[in-house]
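**Student:** Questions regarding the structure given below will be posed in turn.
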Amino acid sequence: MVYLASTSPRRKEILSMLLTDFSQVSPQVEEKEYPQLTPKEKAVRLSKDKCIAAVNHIRRKGMVVIASDTVVDLEGRVLEKPKDRQDAVEMISALSGKVHHVYSAVTVYKAGKIYTFCDDTAVHFDTVPAEIIQQYADSSEPYDKAGGYAIQGFMGKYIPKIEGDYYNVVGLPLEKLKNLLIFLEIL
């Protein structure tokens, strides 16, 4: 049985493009800060933490566990999910007119072994007018997303270009995950 160690509806939707039979489980892990790590290293560490926590929770023979973590990196600064309206305004204002990186790390457990990779997508943001940022912060969209935006949502119209996997920005790098699942004979 394959388990997705995430309650994210977006990750579930992406994994559904590859697998039809899997279960979602909450990874039951406290996300640590890891201030000594780079944003990319943090994504890798958190995906491993989530995978190991899920493996220890599920404990079923023959299980496969897929865990992921996404980190938004603006010039070396990690942008988490906004805590409040002001935080959302500050995040989108900081991203406006700049290029940032989205790192999604994936860890897969199978037969006692762990496999991890991290994908990097550069996201180019147009300048977002201040009044649009204010209106956006009044919506519900920014608050459950790293960096305060969803590429597939309202802010997508301010993203003219990405360099890398679109699904990586959504939260699960589709092509690299597909290749790993083929390698592990899960697909």
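**Student:** Is it the case that some residue within the stretch 162-179 is among the aliphatic types (A, V, I, L, M) and out of contact with any strand residue (DSSP E or B) (no Cβ under 9 Å at 6 or more places or on another chain)?
**Tutor:** Yes: one or more hits.
**Student:** Just one of the numbered conditions (1) modelled with pLDDT under 95; (2) out of contact with any Cys (no Cβ under 8 Å at 6 or more places or on another chain) is not true of LEU4; which one?
**Tutor:** (1)
**Student:** List every residue pair whose Cβ atoms lie under 8 Å apart, where the two residues are 6 or more positions apart in sequence or sit on different chains, the first residue falls within the stretch 107-130 and is among the acidic types (Asp, Glu), and the second residue, located anywhere, is assigned to a strand (DSSP E or B).
**Tutor:** If the second residue must be assigned to a strand (DSSP E or B), the pairs left are ASP119/TYR103; ASP119/SER104; ASP119/ALA105; ASP119/VAL106; ASP120/HIS101; ASP120/VAL102; ASP120/TYR103.
**Student:** If I filter the stretch 36-47 for residues that are crowded, with 18+ Cβ neighbours inside 10 Å and small (Gly, Ala, Ser), do I get at least one hit?
**Tutor:** Yes, the stretch 36-47 contains at least one residue that is crowded, with 18+ Cβ neighbours inside 10 Å and small (Gly, Ala, Ser).
**Student:** Can you name the residue in the stretch 17-29 that is assigned to a loop (DSSP other than H, G, I, E, B) and within 16 Å of the chain's Cα centre (by Cα) and is also surrounded by the most Cβ atoms within 10 Å (Cβ to Cβ) among such residues?
**Tutor:** Of the stretch 17-29, the ones assigned to a loop (DSSP other than H, G, I, E, B) are 17-22, 26-29.
If we keep only those that are within 16 Å of the chain's Cα centre (by Cα) as well, we get 26-27, 29.
Working: SER26: 12, PRO27: 25, VAL29: 18.
Only one residue tops the list, namely PRO27.
**Student:** Within the stretch 50-69, identify whether any single residue is in a loop (DSSP other than H, G, I, E, B), touching a helix residue (DSSP H, G or I) at 6+ places or on another chain (Cβ under 6 Å) and more than 20 Å from ASN179 (Cα to Cα), and answer yes or no.
**Tutor:** no
**Student:** Counting only residues that are at positive phi and either touching a residue at least 24 places away in the same chain (Cβ under 8 Å) or touching a strand residue (DSSP E or B) at 6+ places or on another chain (Cβ under 8 Å) (or both), how many does the stretch 27-62 have? Can you show your working first?
**Tutor:** Applying the first criterion (at positive phi) to the stretch 27-62 yields 28, 34, 59, 62.
Subsequent filtering for residues that are either touching a residue at least 24 places away in the same chain (Cβ under 8 Å) or touching a strand residue (DSSP E or B) at 6+ places or on another chain (Cβ under 8 Å) (or both) retains 28, 62.
Selection size over the stretch 27-62: 2.
The values are calculated or read from the model by the stated rules, or taken from the named source; none is laboratory data. Just so it is clear, the structure is predicted and the values come from calculations on it, not from any experiment. Neighbour counts run over all protein chains shown; Cβ positions are idealised from the backbone, glycine included.
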